[in-house]
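Have a look at the structure below before the remarks.
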Amino acid sequence: MKVAFTLNGHAAAWEGPPVTRLAAALRDDLGLIGTKIGCDAGDCGACTVRLDGRQVCACLVPMGQVAGHGVETVEGLAPNGRLATLQKSFLDHGAAQCGICTPGMLMAATDLLAREPSPSRRQVEDDGKIVEAVMAACTPAETVLPAAGAAVGARLARLDGVPKVTGRDLFGADAVPADALWIRVVRSPHARARFTLGDLGPLQARLAAVLTAADVPFNGYGIYPDIKDQPVLADGLVRYRGEAVLALVGARGEVLAIRDAEIPIAWTPEPPLYGIDAATASDAPLVQADKPRNLLLDGGVKRGDLDAFTGCDATAEGIFETAFVEHAYIEPEAGWARRVADRIEIHASTQTPYMDRDELASVMRLPPESVRIVPTACGGGFGGKLDLSVQPLIAIAAWKLGRPVALVYTRPESMAASTKRHPARIKARFGCDAAGKLVACDVSATFDTGAYASWGPTVANRVPIHAMGPYAMPNVRTWGEAFFTNGPPAGAFRGFGVPQAAIAHEAMIDVLADQLGIDRLEFRHRNALRAGDVTACGQTLDHSAGLAQCLEALRPHWRRALSDVAAFNARGDAWRRGVGIGCMWYGIGNTSMSNPSTMRVGLAADGTLTLYSGALDIGQGSNTIMTQIVADALGLPVGQFTLVTGDTDLTADAGKTSASRQTFVSGRAAESAGRDLRQKILRLANAGPDATLTLDGATLKVSDGGVVHTLDLAKVGSLMGEGTFDPPTTPLDADGQGIPYATYAFAAQIAIVEVDTELGTVKVLRMVAAHDVGKAINPTLVEGQIEGGIAQGLGLALMEEYLPGRTENLHDYLIPTIGDVPEIECLLIEDREPLGPSGAKGVGEPGLVPTAPAILGAIHHATGVRVHRVPVLPHRLREAILAQGAKR
Amino acid sequence: MGDYLRPTSLEEALGALIRPWTVLAGGTDFYPARVGRAIDDNLLDITAIAALRGISADAEGWRLGATTTWSELIETALPPLFDGLKQAAREVGGRQIQNAGTLAGNLCNASPAADGVPPLLALGAEIELAGRAGTRRLPLAAFITGNRRTVRAPGELLVAIHVPKPARPARSAFLKLGARRYLVISIAMAAATLEIEDGRVAAARIAVGACSAVAQRLAALEAALVGAALDPGIGDRVDAAHLAPLAPIDDVRASAAYRRDAVVTLLRRLLRSFS
Ligand SMILES: Cc1cc2nc3c(=O)[nH]c(=O)nc-3n(C[C@H](O)[C@H](O)[C@H](O)COP(=O)(O)OP(=O)(O)OC[C@H]3O[C@@H](n4cnc5c(N)ncnc54)[C@H](O)[C@@H]3O)c2cc1C
Ligand code: FES
């Protein structure tokens, strides 16, 4: 059918099947990739466009209904390259983070503003779609680029922001070559089954290829060099629902048109092992044949003597459980690959280009130099894009067929196939003396690591180090262990198990404080780790341990909230308010493992100044942060830099975007690179350290105490500065003693909640978050991380629970929307870390860690119910409230 | 690839229905059920049929054309009788969904959690179906027969929803409960229409959704409300025994026991909202 309509004010024509979704027609046929597809089911809002002036989900509109009507997309907001006021405002307020949902939010906001020129927060909420990055971030960013030497600390708008608010940024699914073949992955409907393949001949005859396990050169991958346990395609045995079995490769329409019944797989399902108890039962079958007892790994920290419990004046005990949690980045896994002679090139959304390169080389049995990773923009990762997803299949198919091959996961596929946060069962016992000084703790954290190891070892290692909480604790025993099950592989997710552990330690602290009648904030303040204290690992914290300052900053907010809440509760009706507090610490970077970053900055003969950064910006802002750091280190203004990021052929390895490490580790490397280039320039000009630089075209002027040296770069030739940083750590001994991290972030958050005691629903009204970040290189971006972390922490506490086969979409699996996210106030504490760039540490994960504990503490304060299992769905809380009433 | 027909007249649409078609209106239930696969349904798109559009009124009551969207309902000036239905409309998905999704689609899709059903039951709504043999009208309660099941024959279209004019001045209200504030499939919802005479309830229609395969009227509660004054005490008339028609289940959203418990609270609050 031919469809004539108006597109962004101009006549447009389209031809194709009328049932085609408007979103697909815009993207695939009309070249307008600003409209994003996050679910194809109306849930995420990323595809929002206006149809005759009304916002609709373009994934739900048939082209047949578009004929004769007017469509406006994000591309129409800035028709001649000039940003609309709304786009500029999004940029200035830091509303665009990774940018994947930004076009949809812009279109929804355009619609709202057309109806209501100055909407209230309530009206925004009524219009709200799923928003990870909260639009309430109201701190204006500087719109004028700062001068040389003034970048660090500035509220600079994201340097890569314009493409994000105009819809021009290219994510994994946005630049697939027109001649690419497509893959459809056939996945297991069973959590545990054996299978045999029938005659693939008929399918092969219809398609370019049908890939099976036999087509994978080395059919095992995994994060750890010695645990390559996950097959690219299962070989006769599947271990979780959603595991990849076959890859159908062909024209896009053809692979989609294959009916499930046409795929010859004979399944023999076996009873799956679900949960820790099933996996650890004495007669449990093994998930991985070479892993006895289904144990992936265990280990812990020991210090002092647990006999100290006998002398404690107060003790607390509890067992806490968490669920599988899905990252739910709005961009599903996507990318394409092509073979270039004897190399394979991967364009995909990722958090870790160099690990991808090495892993693909292993899977394909190629030397690493034969693999080039060209990361696309990443529409959210949160740890979920640290594992391979689409990459091995597109690489194998493109290599084999000599044509570009693309794979874009659907939302249900993304949810079923990708890693999850580890479900945890944490058994904790804490004791203190009569004055409220902590004396001893004993914590065992057991994790369900799902079918494959993924980042399970990282979680099991990191948690024992953090499980006592950010407190001085002389006598400690902590233990972490992870077991295989037939759940989805549990991997990396913002915090690597520490958010689960924090739920337990913060509940213990609350119980002790309440027992002794000590204010919960003051109890924490009394015990906070401070510079000079020794951790449970035996590490002396020489610097930058700002928890006490965080608590001091929160104190007035806390006291006010306590009295406000008491006044509200005097009404005595079904709605009760409570205030809670959560603290955390978080080791920056890998645990007791080298994790270097190398950054380069080049000044070309034509005067182009380029930062070559292997640090991937997945929305957290490293593109901007690295430039701010290098600019000040070199002494030239931010505005003169161009950025090359992530491409393994063009940048050096800056490690993965995880463990809150990029600002601290890569930032420090960027600082060194900037200084290195500066040194070279000063040497050429024979200038002293205080000289100022000015770059104008290919002319570099070096002014030193009134003397100006002019360097003609065309003559000097190109210059390159390089810096590397690897945070100093040491291995841990059998008792967990050593230096696991070079530095730690600290934070405390308070939550004010309202509980509807009759319905068991919880509304978080307000959060105040105090974070010791060492130095805020860009306060707006730091606040963005904290706000996003709080939104995710709220989801962990109140609603998110992934159940294979049951919550595999964004209407059954709930993540917070703008209507759930409270007002957030951020207090930035800067207790300088001498190792970090300008004193900075990291904040990527810390934003999330204290949130759930603060909310749970507030629920207890409001209702007297101590929650032991998250998410606190309404029915769970209501049952607990009723049970408590029965006890009384 | 299936056929696609977008007629502009009802006759043309009914004429086509001699063979099976999938009816397509706002698409908000249709597309989410077809993620990641080729769509090969033969589609009869009813959104261009003028006769199915718009809200009109006569002496008998109101006629809501089948393709009336949630947004159109919200934007139409209607008496307080419709407040409950409008409250429900504002809670169907987000604005994007309200702009596309239709009331009739919500009924034909017949999800146990369809937010349109309880308020329309409470309005005593009737369904008008048209087929080549003619039209028939039946109460909404008789139209939906089970989880995603209706009595609509393959050759029929839902052409309109009729809301009869109540004998006395009437008001309505709706309450929805979900695990997050917006964009959420209901754990339970309740709707009420009260006909009022001399400040007291003269007749009541109460319906509860997501607590049984099809939303149910609560006849015993309706009877118990007659004569009640419109003061906060009206909520106290709700008794757990009134919930007998409900048969809630455990699912990912909530437990059956919770639903029973929560519905009592929802109903009490709903009724108090009239005071
Ligand atoms: C993100 C999202 C959120 C949602 N939230 C809610 C919610 O909160 N509450 C809620 O109740 N629903 C919700 N829905 C479901 C949906 O929006 C409603 O059910 C909507 O009213 C369906 O109308 P439609 O016009 O889009 O139906 P369509 O998808 O076009 O059709 C739905 C079904 O009805 C049939 N049909 C439609 N019209 C007719 C007719 N006139 N005659 C015969 N058959 C017909 C179709 O064949 C199809 O089987 C949500 C959907 C999405 C995507
Ligand atoms: S892609 Fe349309 S709402 Fe998610």
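Restricting the search to segment B:53-74, which residues are within 16 Å of ligand 1 (Cβ to nearest atom) and not hydrophobic (A, V, I, L, M, F, W, C)? Step through it out loud before you land on a result.
Taking segment B:53-74 as the starting set, the residues that turn out to be within 16 Å of ligand 1 (Cβ to nearest atom) are B:53-55, B:63-74.
B:ARG53, B:GLY54, B:ARG63, B:GLY65, B:THR67, B:THR68, B:THR69, B:SER71, B:GLU72, listed by residue number.
On inspection, A:HIS811 passes the criterion of being over 18 Å from A:LYS763 (Cα atoms), surrounded by fewer than 24 Cβ atoms within 10 Å (Cβ to Cβ) and outside the structural domain of A:ALA633 (by TED's automatic domain parsing). Would you mind stating whether A:VAL870 is β-branched (Val, Ile, Thr) and either surrounded by fewer than 24 Cβ atoms within 10 Å (Cβ to Cβ) or away from chain B (no Cβ under 14 Å) (or both)? No; evaluated as a whole, the condition is false for this residue. Of the residues that sit in segment A:25-40 and are assigned to a loop (DSSP other than H, G, I, E, B) and surrounded by fewer than 23 Cβ atoms within 10 Å (Cβ to Cβ), which one is farthest from ligand 2 (Cβ to nearest atom)? The qualifying residue farthest from ligand 2 (Cβ to nearest atom) is A:GLY31. Scanning segment B:180-202 for residues that are farther than 16 Å from B:ALA114 by Cα and within 16 Å of ligand 1 (Cβ to nearest atom) gives B:ARG180, B:ARG181. Among the residues of this structure, A:VAL49 does not count as one that is within 16 Å of ligand 1 (Cβ to nearest atom), in a strand (DSSP E or B) and within 19 Å of B:ASP45 (Cα to Cα).
One line per residue, one yes/no per condition, for (1) assigned to a helix (DSSP H, G or I); (2) among the aliphatic types (A, V, I, L, M); (3) crowded, with 21+ Cβ neighbours inside 10 Å; (4) within 12 Å of another protein chain (Cβ to nearest Cβ):
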| site | (1), (2), (3), (4) |
| --- | --- |
| A:GLN55 | no, no, yes, yes |
| A:GLY68 | no, no, no, yes |
| A:PRO79 | no, no, no, no |
| A:LEU86 | yes, yes, no, no |
| A:SER89 | yes, no, no, no |
| A:CYS98 | no, no, yes, no |
| A:MET105 | yes, yes, yes, yes |
| A:LEU113 | yes, yes, no, no |
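With respect to the conditions (1) in a helix (DSSP H, G or I); (2) away from ligand 2 (no atom under 16 Å from the Cβ); (3) in contact (Cβ under 8 Å) with a residue 40 or more places away in the chain, B:LEU73 lacks only one, and its number is (3).
The set of residues from segment B:88-145 being within 16 Å of ligand 2 (Cβ to nearest atom), under 19 Å from B:ILE46 (Cβ atoms) and assigned to a helix (DSSP H, G or I) comprises B:ILE97, B:GLN98, B:ASN99, B:ALA100.
The residues in segment B:22-52 that are part of a loop (DSSP other than H, G, I, E, B) and more than 12 Å from chain A (Cβ to nearest Cβ) can be counted, and the count is 1. Applying a threshold of 6 Å to beta carbon distances and a minimum spacing of six or more residues, or different chains, the list of pairs starting in segment A:35-60 at a residue that is at positive phi and ending at one that is at pLDDT 95 or above and near ligand 2 (Cβ under 6 Å from one of its atoms) reads A:ASP40/A:CYS59; A:GLY42/A:CYS57.
Applying the criterion of at least 1 residues that are aromatic (Phe, Trp, Tyr) to the strands (runs of 3 or more DSSP E) found wholly in segment A:310-364 leaves A:314-321, A:334-340.
Take the conditions (1) more than 14 Å from every other protein chain (Cβ to nearest Cβ); (2) surrounded by fewer than 17 Cβ atoms within 10 Å (Cβ to Cβ); A:ALA251 misses just one of them, which is (1). Among the residues of segment A:390-397, is any under 19 Å from A:ALA234 (Cα atoms) and touching a Ser or Thr at 6+ places or on another chain (Cβ under 9 Å)? Yes, segment A:390-397 has at least one match.
The values are calculated or read from the model by the stated rules, or taken from the named source; none is laboratory data. The structure displayed is predicted, hence computed values, not measured ones. Counting neighbours? That spans all protein chains shown, and the Cβs are built from the backbone with ideal geometry, glycine included.
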